[in-house]
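Every number in this text was worked out from the coordinates using simple rules, so none of it is lab data. Computed from a predicted model, the values in this text were never measured in an experiment. For neighbour counting, all protein chains shown are included, and Cβ atoms are generated from backbone atoms with ideal geometry for every residue, glycine included.
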Protein chains: 2
Amino acid sequence: MSATATTSQPPTAATAHRAPVVAMVGAGQLARMTHQAAIALGVGLRVLATDGSDCALSAGPQHLIGSPDRLEDLRTLAAGADVLTFDHERVAPEHLAALQLDGVRLAPTASAKLLAQDKLHARRELAQSGFPVPPFAHAHSSADAASFAAQHGWPLVAKAPRGGYDGRGVFTLASPDAADHALPGQPDGLLLEPHLQIERELAVLIARSAAGEAVAYPVVQTVQHDAMCREILAPAPIAAGLAAQARELALAIADRIDATGILAVELFDTPDGLLVNELALRPHNSGHYTIEGCATSQFEQHLRAVLGWPLGLPTLLAPAVATVNIIGPPDGSDPASRIAGALAVPAAHVHLYGKTPRRGRKLGHVTVCGQDLAPTRQAAQLAAARLQDATR
Amino acid sequence: MSATATTSQPPTAATAHRAPVVAMVGAGQLARMTHQAAIALGVGLRVLATDGSDCALSAGPQHLIGSPDRLEDLRTLAAGADVLTFDHERVAPEHLAALQLDGVRLAPTASAKLLAQDKLHARRELAQSGFPVPPFAHAHSSADAASFAAQHGWPLVAKAPRGGYDGRGVFTLASPDAADHALPGQPDGLLLEPHLQIERELAVLIARSAAGEAVAYPVVQTVQHDAMCREILAPAPIAAGLAAQARELALAIADRIDATGILAVELFDTPDGLLVNELALRPHNSGHYTIEGCATSQFEQHLRAVLGWPLGLPTLLAPAVATVNIIGPPDGSDPASRIAGALAVPAAHVHLYGKTPRRGRKLGHVTVCGQDLAPTRQAAQLAAARLQDATR
C-alpha cells in the first residue's frame, strides 16, 4: 500500500478517542478514593507521590515519585494531562503560577487555591467581599496580640497562616506571656481570632465545574476531637433556614472565588450567626459520607467538575448518614487487622486507606446510612471502635 | 543492643498486619470493578491478564501477564495470595484441581466452578439434586437430536457444553438437516433443550462466604437482545411469591454446590414454573445494578465472601433500579468519547470499562435508581443511547 493511500484513509473513530487524564498533586487517601471514581468514568488518574509508601499507590497504576516543591516534578506530572488538580494544599503558589504560564490547566486555579493555602489571605479576601468571618488580626509581635486582646479578651486562638491541617499550626494564646513566647518563632506572623462561642461546626461542599455549573451538597455537622474531625453527620441537625443560608453562602463563595472542582466551606455556627472558618479546594474529609450517602460522591463530582463535564445530583439518599473517622490507636496496631468485626456491624461501609498505622493518623472511615441520626451514628461509632480497639 | 534484647521485644502490632491479597484469574471488567471494592476494604487484588490491553490493568497496580491455560502462570498468580478467585470461566478444570492439591485456597472450589464451566455437567447435577431444569439431552449425533426432537418437537436449542458466553456457542437447530450439519463439528457433542416458552428471564445473586453464611439479593429481570444481556431491572416485576421462590431456589443451590463468593443463578420463568438455566460462580453482569442499587455491591460482597469475612446487607436501596449495558456500536466508535451527554441525564451512573471498542462488545453500563420502573428504565436507556449513538 502506498503512503498516499494510507494517509487518505480517515482516522477510525475507534482510535480517535483517548481516555482523559487527570493529574493530581498528592497521593494520599483523597487521591486513593478519587481513583475509585476515575475507574468508573474511564478516566486515567496520575498522582504525584512523595515516596512509594503513599497510600494511593496501592490503588492505581499511574504515578510519579517526586516532590510538590519541585517545579520540574510538577511539570512532569502535568505533561500530557488534561488538567492538574490536588489532593492537598502543600504546593508552592509560585509553582502553580509558573504552571499556568506554561499553559497547564489548573483546577482550581492558582489564585483560587491560594485561598486554601493561606488562611490570612482567605480571611482578608472573604471579608473584603462581604462574607461573614470571625474577627481577626495579623500579629507579628506580642504588642499586636495585646492590642487585639484588648478588643476581644484573652485567650486568643492563633493559627499559622500557612501549612496547618488537622489541628497542626493551631493553638491557644492564654495570656500576654504566651504571646511573648509564641510570636518570635513565627516569621510569617500569626492569624489571631477571639475564642469564639461555637454552637457547632458545619461544612458545605460545593461542586463547581470548569463550565461554571455549581451544585451544593447538604450541610453537615463536623464533630472534632483534639482539633481533628472525627465525625460527619448529614444532614446537620439544624433548622432548615440556617441550612439554606449555609448553602447559599457557600455557593456565593464558590462563584466569587471562581472555584473549580470540590470546594469545602467550613463554618462556625455562633450566636452571631454563621462565620466562615476555612476553605479547602479539593475533596474533603467532611464529604466522605457522599460515597454512599449521596447520589454522586464528592470524588466523582470532583472529576466531572475539573473535566468540565455535567455535574451529578448532590441529593442525600437516606434520612441520616454518619461517618466516623478511624484514627491510629495509641498502641500503634493496625485497624485493618480487625476489619471483620467492623463488617459485622449491619450497614457499616468500611473504608481503609492502606496507610502505615501511626497513633493519631487518619487511617480510614466508616459510613452508615439510616433512618434516624442517633442509631445511625451509634452504628458507625461501633464499627469504628471495633477497628480502633481490640477490646471492642 | 544485644541479639537477646532484640528478640525479647514482642513484634509490634504495626508490622504484624499484612493486607490480604486476593488473586483473580482474568482481568476484564469484573476484575476492574472488583478492584474498586478492594480499594475500600484495603485488600490487594492481583489479576492474571492475557495481555497488556486487558481493562483491569488500567485500574490497579498488581497484575501478572500470562495464560489461564498454563498451570505455571496460575501457580505464580496464587503464590502468596490468601485466596484464588475468578473473573471468568475459561480456566482448565484440571489446573484448578492441581492448584487445590498444591494447597491453594480456591473460591469457589474446583468442583463448584465446574458447574459454571460445563453446562451439561451443571444440568445433570442440578437435575439429580431435584432442582427444576429444562428437559435436556446430550447429543453426539443427528440421531440423538432426532430422538430428542421426537419427544419435544423442532426447533431445538443447542449449546456447546463448554466455552460459550454472551450467546456464543448457543444456536437453534431448526430441523434434522440442521442437526446433520451441526453435530459432526462438535467433538464434545451438544446440550440440547426444547425451544421453551419463556415469559421472562430472571437472575438471583447469592453471596456465600467461606464460613457458610449466605444472603440472597433481590430477583432481577434480565432483558436479552441478540442473546446478550442488555438490561437488568430490579426488582423483577413479578409476584412476590414467585420472587421468594426464586430466592429460596438459588439459596438451596448455593448450599448444595457449596458455592463460595458470588453465585449467579439464571432462571427461565415459564408456564411450567421456574427452570434453572445456567450458573455463574463469580460477580455477574446481572449484578452490576448492586453497585448503586444495593447496600452492598456484588464486588465488595464477593471479596468479603472469599475472604471469609461477614457479609453485607443485600438490601435494595430504591424502589426501582435499572441497568443498561453499553455495547460497542456498529461504526466502531468509542462510547467514552460521548460521556458528557450521558452524564447530563439526571441520576445516571456511568461505568466505562476502558476496553478497546468493537462492535457488539460490552464496553460499560449505566445504572439509574428511581421511584418507578418505567421512567427509571427510560433514563438508563437514554444515557446508554447517548453513549452508543452520536446522533442521540
Original post:
By how many degrees, 0 to 90 and rounded to 10, does the Cα axis of helix B:29-41 deviate from the longest principal axis of chain B?
Top reply: 30 degrees
**OP:** Could you tell me the distance between the Cα centroids of region B:237-300 and region A:355-392, to the nearest Å?
**Re:** 32 Å
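Kindly put A:PHE136, B:PHE268 in sequence by how many other C-beta atoms sit within 10 Å of each C-beta, fewest to most.
Details: A:PHE136 19, B:PHE268 22.
Final ranking by Cβ density, sparse to dense: A:PHE136, B:PHE268.
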Subject >> Fully extended contour minus Cα-Cα distance, from B:SER141 to B:ASP255, at 0.36 nm per residue >> reply: 37.5 nm
**OP:** Quick one: compute the contact order of chain A, relative version, from alpha carbon pairs under 8 angstrom and 6+ residues apart, as a percent.
**Re:** 13 percent
**OP:** Could you pull out every one of the lysines with an alpha carbon less than 19 Å from that of A:LYS113, ignoring same-chain neighbours closer than 8 positions?
**Re:** A:LYS159
Original post:
Relative to the longest principal axis of chain B, what angle (0 to 90°, nearest 10) does the C-alpha long axis of helix B:240-257 take?
Top reply: 60 degrees
Subject >> Charge dipole of the protein assembly as shown about the Cα centre (unit charges at C-beta), most positive-ward option of B:ILE198, A:LEU267, A:ALA143 >> reply: A:ALA143
Original post:
At B:ARG90, label 7 Å along Cα→Cβ: distances to the other copies, nm, ascending?
Top reply: 4.6
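I want to verify the translational diffusion coefficient of region B:19-106 in µm²/s; compute it with Stokes-Einstein, Rh as the Kirkwood radius over Cα pairs, at 20 °C and 1.002 mPa s. Show your work: numbers first, answer last.
Values: Rh = 12.6 Å.
In µm²/s, the coefficient is 169.
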Original post:
Measuring label to label, 7 Å along Cα→Cβ, what does A:SER67 give against each other copy in nm, shortest first?
Top reply: 4.9
Original post:
Toward the positive end of the charge dipole of region A:100-204, about the Cα centre and with charges on Cβ (Lys, Arg +1; Asp, Glu -1), which of A:GLY153, A:ALA178, A:GLY130 goes farthest?
Top reply: A:GLY130
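Take B:THR76, B:THR367 and order them by how many other Cβ atoms sit within 10 Å, fewest up front. Could the numbers behind the result be given before it?
Values: B:THR76 15, B:THR367 25.
The most exposed by this proxy come first: B:THR76, B:THR367.
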Original post:
Between B:ASP226 and A:ILE65, what is the label-to-label distance in nm when each label sits 7 Å out along the Cα-to-Cβ direction?
Top reply: 4.8 nm
Subject >> Interchain or long-range residues, amide H under 5 Å from A:HIS63's placed H >> reply: A:VAL47
Original post:
Of the residues A:GLY66, A:GLY153, A:GLY287, which exhibits the maximal mean-square fluctuation in a Gaussian network model of chain A defined by a 10 Å Cα contact cut-off?
Top reply: A:GLY153
**OP:** Could you state the angle between the C-alpha long axis of helix B:93-102 and the longest principal axis of the C-alpha atoms of chain B, as a value from 0 to 90 degrees rounded to the nearest 10?
**Re:** 20 degrees
Original post:
Taking springs between alpha-carbon atoms closer than 10 angstrom, which of B:PRO134, B:PRO271, B:PRO161 fluctuates most in the Gaussian network model of chain B?
Top reply: B:PRO271
Subject >> chain A, Cα convex hull volume normalised per residue, Å³ >> reply: 171 Å³
Original post:
What nm value, rounded to one decimal, do you get for the distance between A:ASP188 and A:ALA211 when each label is placed 7 Å out toward the C-beta?
Top reply: 3.7 nm
Subject >> DSSP beta bridge pairing in the protein assembly as shown, given as percent antiparallel to the nearest 5 >> reply: 80 percent
Subject >> R0 of 35 Å, Cβ-Cβ distance B:ARG75-A:ALA340: FRET efficiency to nearest 0.05 >> reply: 0.80
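Which net charge results when you count Lys and Arg as +1 and Asp and Glu as -1 among the other residues whose beta-carbon is under 13 Å from that of B:PRO329? Let's see the in-between values first.
On the way: positive: B:ARG338, B:ARG358, B:ARG359, B:ARG361, B:LYS362, B:ARG386, B:ARG392; negative: B:ASP331, B:ASP334, B:ASP389.
Its environment carries a net charge of +4.
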**OP:** About the Cα centre of region B:148-281, how large is the charge dipole given +1 on each Lys and Arg Cβ and -1 on each Asp and Glu Cβ? Please answer in debye to the nearest 20.
**Re:** 200 debye
Original post:
Taking chain A as a Gaussian network, where each spring joins two C-alpha atoms under 10 Å apart, which residue of A:ALA79, A:ALA107, A:ALA305 fluctuates the most?
Top reply: A:ALA79
Subject >> Inter-copy spacing of A:ILE198 label points, which lie 7 Å from Cα along Cα→Cβ, given in nm from shortest upward >> reply: 6.0
Subject >> Point-charge dipole on Cβ atoms (K/R +1, D/E -1) for region B:58-199, about Cα centre, debye to 20 >> reply: 160 debye
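Report, in deg cm²/dmol and to the nearest 500, the calculated mean residue ellipticity at 222 nm for chain B, where each DSSP H run with n ≥ 4 adds -39500 (n - 2.57) and the sum is divided by the residue count. Numbers along the way, then the final one.
Numbers: 14 runs with 129 residues, N = 392.
Rounded to the nearest 500, the figure is -9500 deg cm²/dmol.
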Original post:
Given the alpha-carbon gyration tensor of region B:135-239, what are the semi-axes of its equivalent ellipsoid in whole angstrom, ordered largest first, with each equal to the square root of 5 times an eigenvalue?
Top reply: 32, 17, 13
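Less than 13 Å Cβ to Cβ from A:SER67, Lys/Arg counted +1 and Asp/Glu -1: what total charge do the surrounding residues give?
Values: positive: A:ARG70, A:ARG75, A:ARG90; negative: A:ASP51, A:ASP54, A:ASP69, A:GLU72, A:ASP73.
My count for the surroundings of A:SER67 gives -2.
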